[in-house]
Amino acid sequence: QALYEVKERGRNGYAFYRPTEHRHAVIEQDLPFAIMRGQFYLCYQPKVRLAKGRAMGVEALLRWRHPALGDIPPLDFIPLAEESGFIFEITLWVLERACRQVKEWERKFPGLKLAVNLSPFLLNRPELVEHVKRILRETGLAPDRLILEVTESGLMENIETGRHILTELQRLGVQAAIDDFGTGFSSLAYIRNLPVSLLKIDRSFIQGIAENSKDATIVDTIIHLAKSLDIEVLAEGVETESQVALLSQMDCDYAQGFYFSRSLEAEKLQQWLEEHNRNACGEPPA
Ligand code: C2E
Ligand code: MG
Ligand code: MG
Ligand code: MG
């Protein structure tokens, strides 16, 4: 309907809004109803353990299918959700859905972990911890199967509340990962003092490692520093075989990216996991 409106306005020559502004307005107006209208769904992207090739876990990625605008990427509405406060409700929705799904997969894929993105805005909402606890109880997913990803920059901007909430979550048995590492100007010496068990190196550093020796050196250094601090490392946005080969040489623990799989809806991802783990070497995790 909204798209139709845009066309109409254009044709009649009384377009107050440029299409992007109109789109923005529609997004803002409809966001509060997206959950209720059943327009959100989740896709999952696998994280692969490089040494054995097996899937270690999946990251839940939120999708919004809008009846008029089509698929709206998260970066077009998450910031709005953060400003308006809906992000809290949305995150609970994601957690609930994703925990239930991964619990369902437990028999087929024992040990599979679930990562959910945590907006830095929620680091100022200590009541989140009780909700996480409740959702784990209600869905039956073991706390040590859940990883919450916070971007490096978001964490650094909320360092004190972040430290508090991540410590509380750790007490529950939930792990934390630093997302988009390398873009936020923090140092590993600093991160060492946070309850973080996984570092995800941002795609922008991974992109060039096969061609650019400086990028390769940076990534190699991050990997070795992180490991010396007992933090595991994952490379984001891995797209090519040569990147995989290099990262394996560098002893990177995990990788995620289009090379392995795009994010897929649950059913498709399940097929991917079945097929992939059949071809991977090594024993299934206990
Ligand atoms: P992110 O957590 O860093 O997720 C990785 C993004 O990179 C995803 O985009 C994924 O589809 C994309 N990606 C993965 N592998 C590759 C690759 O090999 N090449 C390229 N070019 N891209 C790749 P997506 O799904 O559009 O999500 C973008 C961001 O939106 C996420 O970045 C995350 O910060 C945020 N987001 C997504 N779902 C949620 C959510 O449920 N809650 C919150 N708070 N944020 C979310
Ligand atoms: Mg993430
Ligand atoms: Mg990321
Ligand atoms: Mg990102």
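Binning the alpha carbon pair distances of segment 32-94 at 5 angstrom intervals from zero yields the distribution 4, 15, 24, 22, 12, 9, 8, 5, 1, expressed in whole percent. When the charge dipole of segment 71-150 is built from unit charges on Cβ atoms (+1 for Lys and Arg, -1 for Asp and Glu) and taken about the Cα centre, the candidate among 135, 109, 80 whose Cα reaches farthest toward its positive end is 109.
For the chain, DSSP calls about 40 percent of its internal beta bridges antiparallel. This model, with +1 at the C-beta of Lys and Arg and -1 at the C-beta of Asp and Glu, gives the chain a dipole about its Cα centre of some 640 debye. Farthest toward the positive end of the dipole of the chain, out of 38, 249, 90, is the Cα of 38, where the dipole comes from beta carbon charges about the Cα centre.
Per-residue accessible area (protein heavy atoms, 1.4 Å probe) orders 236, 96 as 96, 236, starting from the largest. Normalised Debye scattering of segment 219-258 at q = 0.23, 0.27, 0.29, 0.35 Å⁻¹ gives log10 I(q)/I(0) of -0.67, -0.88, -0.98, -1.23, counting only Cα atoms as equal scatterers and leaving out solvent.
Rounded to the nearest 10 degrees, the inclination of helix 159-172 to the longest alpha-carbon principal axis of the chain is 70 degrees. Quick one: net charge around residue 131, please, counting Lys, Arg +1 and Asp, Glu -1 for every other residue with C-beta under 13 Å from its C-beta. Charge balance near residue 131 sits at -2.
Rg over Rh for segment 182-244 works out to 0.97, using Cα positions for both radii and the Kirkwood form for Rh. Nonpolar atom fraction for the chain, defined as the carbon and sulfur part of the 1.4 Å probe accessible area, stands at 50 percent. Among the trypsin sites (Lys or Arg not before Pro) in segment 207-286, those located in a DSSP loop and surrounded by at most 15 other Cβ atoms within 10 Å of their own Cβ are 262. Considering all different alpha carbon pairs of segment 55-121, the Kirkwood hydrodynamic radius works out to 13.2 Å. Model label points for residue 172 and residue 280, set 7 angstrom from Cα along the Cα-to-Cβ axis, are 2.6 nm apart.
Here the average projected area of the convex hull drawn through the C-alpha atoms of segment 109-217 stands at 7.9 nm².
For the chain, the solvent-accessible area with a 1.4 angstrom probe is 51 square angstrom per residue.
Looking at segment 140-200, which trypsin sites (Lys or Arg not before Pro) are DSSP coil and have at most 14 other C-beta atoms within 10 Å of their C-beta?
192
Considering only 59, 211, 157, the Gaussian network model of the chain with Cα springs below 10 Å gives its largest mean-square fluctuation to 211. P(r) for segment 202-286, from all Cα pairs and a bin width of 5 Å, is 3, 13, 21, 22, 17, 13, 8, 2 %, short bins first. Around the Cα centre of segment 140-285, unit charges on the Cβ atoms of Lys, Arg, Asp and Glu (plus for the first two, minus for the last two) sum to a dipole of about 240 debye. The angle separating the long axis of helix 2-12 from the principal Cα axis of greatest extent in the chain is about 50 degrees. The Rg/Rh ratio of segment 45-170, with Rg taken over Cα atoms and Rh as the Kirkwood radius over Cα pairs, comes to 0.98.
Averaging the sequence gap over all C-alpha pairs within less than 8 Å and six or more residues apart, then dividing by the number of residues, gives the chain a relative contact order of 19 percent.
Here is how the number arises for the chain: DSSP H runs of 4 or more residues each give -39500 (n - 2.57), the sum is divided by the residue count, and the result at 222 nm is -14000 deg cm²/dmol. Can you give the net charge of the other residues whose Cβ lies under 13 Å from the Cβ of residue 155, counting K and R as +1 and D and E as -1? It works out to a net charge of -4.
The modelled label-to-label distance between residue 160 and residue 125, using points 7 Å beyond Cα along the C-beta direction, is 2.2 nm. Against the empirical curve 2.2 N^0.38 Å, the C-alpha radius of gyration of the chain lands at a ratio of 1.06.
To the nearest 10 degrees, how steep is helix 19-30 against the longest Cα principal axis of the chain, on a 0 to 90 scale? Taking Cα atoms only, the helix is inclined about 80 degrees.
Taking chymotrypsin sites (Phe, Trp or Tyr not before Pro) across segment 202-285, the ones in a DSSP loop with at most 12 further Cβ atoms lying within 10 angstrom of their Cβ are 258.
Evaluated over the Cα positions of segment 154-264, the convex hull gives a direction-averaged projected area, one quarter of its surface, of 7.2 nm².
For segment 110-171, the Kirkwood estimate of hydrodynamic radius, built from reciprocal distances between every pair of different alpha carbons, is 12.1 Å.
Summing Cβ point charges (Lys, Arg +1; Asp, Glu -1) relative to the Cα centre of segment 64-129 gives a dipole of roughly 440 debye.
The values are calculated or read from the model by the stated rules, or taken from the named source; none is laboratory data. Given the structure is predicted, the values throughout are model-derived calculations rather than measurements. Cβ: placed from backbone, ideal geometry, glycine included. Neighbour counts: every protein chain shown. Just the protein is used for accessible areas: all its heavy atoms, side chains included, with ligands, DNA and RNA removed. Shrake-Rupley method; radii C 1.70, N 1.55, O 1.52, S 1.80 Å.
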